[in-house]
Amino acid sequence: MHERPNTAGVHVRLQQPLLSEIEDFRRSEIDLPTRPEAIRRLLQQAVLARQDAAAATARSPHATPKTRNMPQPRSWEDRLTGREA
């Protein structure tokens, strides 16, 4: 008998522009993952990118992030639909 991995279910409601981006990503993958698997992959990429950025900052404590003086990013909906802030 197989032991189930330690997981938790998460229900998330997504606006259509973000869902479309996820579907585009999903279709770009060679193995055409399910929507939940595509979301897991995107989340894993985001977590790894954040860890890489934190590690780079830790290696260079005197460096200042380039984004410090940049304007705040637009909302996901604005970014995905191309609307200006």
Within the stretch 1-45, how many residues turn out to be assigned to a loop (DSSP other than H, G, I, E, B) and not basic (Lys, Arg)? 19
Under 9 Å between Cβ atoms, at least 6 apart or on separate chains: pull out the pairs that start in the stretch 34-54 with a residue that is surrounded by 10 or more Cβ atoms within 10 Å (Cβ to Cβ) and at pLDDT 90 or above and end on any residue that is part of a helix (DSSP H, G or I) and of a type in the set (A, V, I, L, M). Arg35/Leu19; Arg35/Ile22; Ala38/Ile22; Ile39/Ile22; Leu42/Ile22
Return a yes/no flag: does the stretch 56-76 have any residue that is at positive phi and either modelled with pLDDT of 95 or more or part of a loop (DSSP other than H, G, I, E, B) (or both). no
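The values are calculated or read from the model by the stated rules, or taken from the named source; none is laboratory data. Just so you know, these numbers come straight off a predicted model, no measurement behind them. Don't worry about glycine lacking a Cβ; one is built from the backbone with ideal geometry, like all the others, and counts go over all protein chains shown.
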